[in-house]
Amino acid sequence: MVQETTHTQSSPDHAELELVRALLEPEETAYPWNPAEPETEGYFTDLEEAFTLSITGSNATILAAPKLISFCSQLWVQNSLWKQFSARIPQDLLDRIIDQAQQLLATPLSLADQLVQCVEAVLPNWEAEDLQILARPLAYAMRDNDAKAVELTLGTVRSIGWAELSEIEQARLSLVIAHHALAQLSTKAE
């Protein structure tokens, strides 16, 4: 019998106990080392079904694996962009651009419209038509895989903090970040 001690060690919570139990329980089936064998199809089908997750209190069912992959991709993109632009834009604005890019990725909008919608929340004083003019070269660059246009646009923005930038520099920087976010998210989605 295990006795509780009075020092600061806390008892394991339910999740930790479940994890230990899952790790210690033997698996019912062995991993098929040759995926080309016909009997392995059932094994992989069972694994895919194990990733199905029910939401408590709802009839909805979500496939956990695609959602997890999407979440990890978004975190990877966010981390990558944060490393690249953290000295130039506040994190909350960067997060808004990335969140919007994630939402717009599968929409039928043109690339220029996606770029504009990614930055509209960050630049509330700008009209969509004005942002379209600045976004057009970046949209063409995305379509043609032309990194020079993106670098040229970024080159017009001084390397100083967000608050010190002019409004047009903030718009250009925001559009470049949106360009990078959409490009990286679309690469991760493929």
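Numbers for the structure displayed
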| item | result |
| --- | --- |
| Space enclosed by the convex hull of the alpha-carbon atoms of the range 119-190, per residue, Å³ | 96 Å³ |
| Qualifying trypsin sites (Lys or Arg not before Pro) for the range 89-159 [loop in DSSP, other Cβ within 10 Å: at most 15] | R158 |
| Most to least accessible of T107, T187, T40 (protein chains only, probe 1.4 Å) | T187, T107, T40 |
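The values are calculated or read from the model by the stated rules, or taken from the named source; none is laboratory data. Here the structure is a predicted model, which is why all the values come from computation and not from measurement. Note that each Cβ is placed from the backbone with ideal geometry, even for glycine, and that neighbours are counted across all protein chains shown. Calculation scope for accessible area: heavy atoms of the full protein, side chains included, ligands and nucleic acids excluded. Shrake-Rupley method; radii C 1.70, N 1.55, O 1.52, S 1.80 Å.
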